[in-house]
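Working notes, beginning with the structure itself.
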Amino acid sequence: MARAFDVIVVGVGSMGASTCWHLAGRGLKVLGLEQGPIPNPEASFAGLTRAIRLSYAEHPDYVPLLRGAYKGWEVLEQECGEELLRLTGALYMGPPDGELMSGSSRSAKEHGLPHTLHTHAELQKNWPQFRLPESFQGLYEDRAGYLLSERAVQAYVNGARQYGADLRGGQLATDWTVSDTGVRVRVGPDEYVAQHLVITAGAWAGKLLEGLNVPLRITRQVIGWVTPAQPDQFTADRFPVWVIDGNNGEGVYYGFPVTPDGSGGEGLKLALHWPGREVDPDTVERGMVLGDDRDIQDALSRFIPQATGPVVSQKVCLYANTADGHFIVDQHPESSRVSLACGFSGHGFKFASVMGEVLADLATKGKTDWPIGFLGLSRFLY
Ligand SMILES: Cc1cc2nc3c(=O)[nH]c(=O)nc-3n(C[C@H](O)[C@H](O)[C@H](O)COP(=O)(O)OP(=O)(O)OC[C@H]3O[C@@H](n4cnc5c(N)ncnc54)[C@H](O)[C@@H]3O)c2cc1C
């Protein structure tokens, strides 16, 4: 017989774990279904750390959500008693008319965010670890840094379970249906019933949202760690989270300070933020292949020559890209009993804390006060 819940969450990853935590914290009977183990090392939060920024180059409309996200992470830290958010500051560098610099300064100005602008000479003086073209300028903000993403998801999972959520690994949801009385979700021979369904299936979301006509392009992304000759030059007291608009309009390089306690991995972590090769999430090559370190080596040799050296470890992760690079967070057009959040396009993790709240609102009230209108499905459907 089908077992009944208030809400079923399909995909207990970044967004799903937070959603389960918020829902269970509100006293709802929650079932979280996850195809892999919980947490799943193949989910898109893997690789230890994720950057969090406030002067958001992607669009100023994200800033109110980001303010909520920062608060959400602080609440989680207090609840679990663990440090998850490290504010190291972040430095954005590039040509002043490029998307990174113009977008960051637009967000900072529109939302009155504290920041400082830096000439090329100031950049070279303050952060001599970088070697930059003379045309580059910089924007620095204090209230940015990184999240310990794997620990954060684990904290949401632990907290949700403490609130009574039933989170199950090894449960591949293959199908769902909706009726006037509720939703049914199929997992192999079993069927689960609830009042509401939340789909937070990351790179696999397209498989559960067929017919919606919102193609997600799934791409293989590689993160690498190198060991600089002088690691103390790259610790957070002198080397912040950084982003460089230096790939001729094809994405930005970004990276993190060295974490002496190893919580962010061994060495200096960096990558290129730009969709990689399109893949199927079920058959993607998760191991290393020849050429995987090319972008990382390019970034090092061009912009951080002091840190040049072999890539000592790598991690493959997936982006779920929308056509415009903005997220999809909405109710399903066929039924307000189904909510979804997907297409985080390589910049979504930092929002997981607030997205859990948004999705819990949609599931329980059918609406949210958070400004998510610009992330709606209608931009693709009409
Ligand atoms: C290399 C890389 C670097 C990134 N850097 C940053 C960064 O610095 N800052 C930032 O903010 N963001 C960053 N991101 C983006 C961010 O990590 C993702 O946007 C975010 O993790 C996506 O969350 P999600 O919940 O949509 O997907 P996931 O966290 O992948 O969760 C989806 C879960 O659903 C499960 N699932 C899927 N289908 C089913 C099914 N049918 N049944 C049951 N379970 C299912 C999956 O197994 C998975 O656990 C990066 C991403 C990558 C790959």
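The values are calculated or read from the model by the stated rules, or taken from the named source; none is laboratory data. Keep in mind the model is a prediction, meaning the values are calculated, not measured. Note: ideal-geometry Cβ built from the backbone for every residue, glycine included; neighbour counts use all protein chains shown. Areas reflect the complete protein model, heavy atoms only, side chains present, ligands, DNA and RNA absent. Shrake-Rupley method; radii C 1.70, N 1.55, O 1.52, S 1.80 Å.
Listed by position, the strands (runs of 3 or more DSSP E) inside region 143-192 whose residues that are under 27 Å from the mean Cα position of the chain (by Cα) and closer than 30 Å to residue 114 by Cβ number at least 3 are 145-148. Only one entry in 69, 57, 24 is on the phi < 0 side of the Ramachandran plot, within 11 Å of the ligand (Cβ to nearest atom), open to solvent by less than 30 Å² (accessible area, probe 1.4 Å) and out of contact with any Asp or Glu (no Cβ under 6 Å at 6 or more places or on another chain), namely 69. Within region 265-294, being open to solvent by less than 50 Å² (accessible area, probe 1.4 Å) and closer than 27 Å to residue 326 by Cα holds for 269, 270, 271, 272, 273, 275, 276, 279, 281, 284, 292.
Consider residue 316 carefully, then state whether it is more than 19 Å from the chain's Cα centre (by Cα), open to solvent by less than 30 Å² (accessible area, probe 1.4 Å) and at pLDDT 95 or above. Spelling it out, it is not the case that residue 316 is more than 19 Å from the chain's Cα centre (by Cα), open to solvent by less than 30 Å² (accessible area, probe 1.4 Å) and at pLDDT 95 or above.
If a residue has to be within 10 Å of the ligand (Cβ to nearest atom) and farther than 24 Å from residue 85 by Cβ to count, how many in region 294-317 make the cut? Walk me through it before giving the result.
Within region 294-317, the subset within 10 Å of the ligand (Cβ to nearest atom) is 315-317.
Going one step further and asking which of them are farther than 24 Å from residue 85 by Cβ, we end up with 316.
Total meeting the criteria: 1.
The residues of region 324-348 that are more than 10 Å from the ligand (Cβ to nearest atom), closer than 17 Å to residue 207 by Cα and outside any strand (DSSP E or B), listed by number, are 333, 334.
Return yes when residue 135 is within 21 Å of residue 250 (Cα to Cα), open to solvent by 20 Å² or more (accessible area, probe 1.4 Å), of a type outside the set (Lys, Arg) and in contact with a helix residue (DSSP H, G or I) (Cβ under 8 Å, 6 or more places away or on another chain) and no when it is not. Walk me through how you get there before you give the answer.
Details: within 21 Å of residue 250 (Cα to Cα): yes; open to solvent by 20 Å² or more (accessible area, probe 1.4 Å): yes; of a type outside the set (Lys, Arg): yes; in contact with a helix residue (DSSP H, G or I) (Cβ under 8 Å, 6 or more places away or on another chain): yes.
Answer is yes for this residue.
Yes/no per residue for (1) near the ligand (Cβ under 8 Å from one of its atoms); (2) surrounded by 24 or more Cβ atoms within 10 Å (Cβ to Cβ); (3) part of a loop (DSSP other than H, G, I, E, B); (4) aromatic (Phe, Trp, Tyr):
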position: 4; (1), (2), (3), (4): no, no, no, no
position: 12; (1), (2), (3), (4): yes, yes, yes, no
position: 16; (1), (2), (3), (4): yes, yes, no, no
position: 32; (1), (2), (3), (4): no, yes, no, no
position: 40; (1), (2), (3), (4): yes, no, yes, no
position: 45; (1), (2), (3), (4): yes, yes, yes, yes
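Pairs are defined by a Cβ separation below 9 Å, a sequence spacing of at least 6 or placement on different chains, a first member in region 148-169 that is on the phi > 0 side of the Ramachandran plot, and a second member that is at pLDDT 95 or above and assigned to a strand (DSSP E or B); the pairs so defined are 164/30. In the set 194, 201, 160, 165, only one residue is within 11 Å of the ligand (Cβ to nearest atom) and within 23 Å of residue 360 (Cα to Cα); that residue is 201.
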